[in-house]
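The structure appears right after this line, and notes come after that.
The values are calculated or read from the model by the stated rules, or taken from the named source; none is laboratory data. These figures come from a predicted structure and were not determined experimentally. Heads up, the Cβs are rebuilt from the backbone with ideal geometry, glycines too, and the neighbour counts pull from every protein chain shown.
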Amino acid sequence: MCGRYVLATPVEELAAYFSAQVPPSMADGFHPSWNIPPTSNIVAVTADPDGQRSLNRFRWGLVPSWAKDLSFGAKTINARAETVATKPSFRSAFRSQRCIIPADGYYEWKTTAGEVKQPYYFTRRDGSPLAFAGLWERYQFHHEADGQPRSLVTCAIITTAASSDVEAIHNRMPAILTGGDLWGRWLDGALGDREELLAMCRPAPPGTLVTKRVASLVNSVRNNGPELIEELKDRPSLF
DNA sequence: CCAGACGTTGTT
DNA sequence: GTCTGG
DNA sequence: CCAGACGTTGTT
DNA sequence: GTCTGG
């Protein structure tokens, strides 16, 4: 799955890479992070009806309009590609509110019987940013304290079966839009071809990703910095 | 009809 | 075991 | 995703 | 909001 990732590329570079605008609301409060967890505020690319793209902030964990409260988002950080078109929590967003979540790379933990969980870091082989296929929703609610109406945008990352690049580590992977020619189609809220959309959520072609073993520093969200993605060379000793 | 859920992952 | 917080 | 808490009363 | 289970 995808439950922790990295985005340290400057906003201006991301905007150029995705041909997206950066609204003033976006420029403030964005910091590079090598340890982005669910329920935090993340960056996603969306498109206007006219096709204009922009970067915006979304809370990671999709909260459908009918949810009782924001805590719903804790269990909807990922949406399975196999069922995203029909699950009540995701189908509406899948139809018309798709987004791209940029990442420098992401982490997976390999769990082996009898061994300690080992984190791995995945990036594109060519070093360019990853474009995760995502969904977003707007959630409206009344603030507890003052009763005023508020609204918040939330998002989820679609997952799919692991490709041969990742299956030795984990059996799932994020859906990655490879090739910029797919971005416009994915972001077009008027595009109604379910099969075309689902085809974009298939495992990335073998060879797209590379991985390296990293230190368990990433386990705690209190740790953050480029050292989290440094390759761990030593094999753990048996003695 | 009303009440209650609405999700993913990993592990056994 | 399960939920919340980061 | 993982780490850390999981509780109440009363006093400072 | 919409579906499933009772």
Which numbered condition A:Arg150 misses (of (1) assigned to a strand (DSSP E or B); (2) at pLDDT 95 or above; (3) surrounded by fewer than 20 Cβ atoms within 10 Å (Cβ to Cβ)): (2)
Lone qualifier among A:Ser71, A:Ser54, A:Ser25 - being within 16 Å of DNA strand E (Cβ to nearest atom), over 24 Å from A:Arg194 (Cβ atoms) and over 15 Å from the mean Cα position of the chain (by Cα): A:Ser71
Single residue of A:Ala20, A:Ala27 found to be away from DNA strand C (no atom under 11 Å from the Cβ) and touching a strand residue (DSSP E or B) at 6+ places or on another chain (Cβ under 7 Å): A:Ala20
Single residue of segment A:90-128 satisfying the filter (buried (at least 20 other Cβ atoms within 10 Å of the Cβ) and in a loop (DSSP other than H, G, I, E, B)) that is nearest to DNA strand E (Cβ to nearest atom): A:Phe90
Residue count for segment A:64-89, restricted to those that are outside any helix (DSSP H, G or I), surrounded by 17 or more Cβ atoms within 10 Å (Cβ to Cβ) and of a type in the set (Gly, Ala, Ser): 4
Residue within segment A:17-33 that is assigned to a strand (DSSP E or B), under 23 Å from A:Ala175 (Cα atoms) and within 16 Å of DNA strand D (Cβ to nearest atom) present: yes
Residue match in segment A:228-239 (condition: buried (at least 18 other Cβ atoms within 10 Å of the Cβ), among the hydrophobic types (A, V, I, L, M, F, W, C) and within 22 Å of A:Pro10 (Cα to Cα)): yes
Counted residues, segment A:30-44 - those being in contact (Cβ under 8 Å) with a residue 24 or more places away in the chain, closer than 20 Å to A:Ser71 by Cβ and within 11 Å of DNA strand C (Cβ to nearest atom): 4
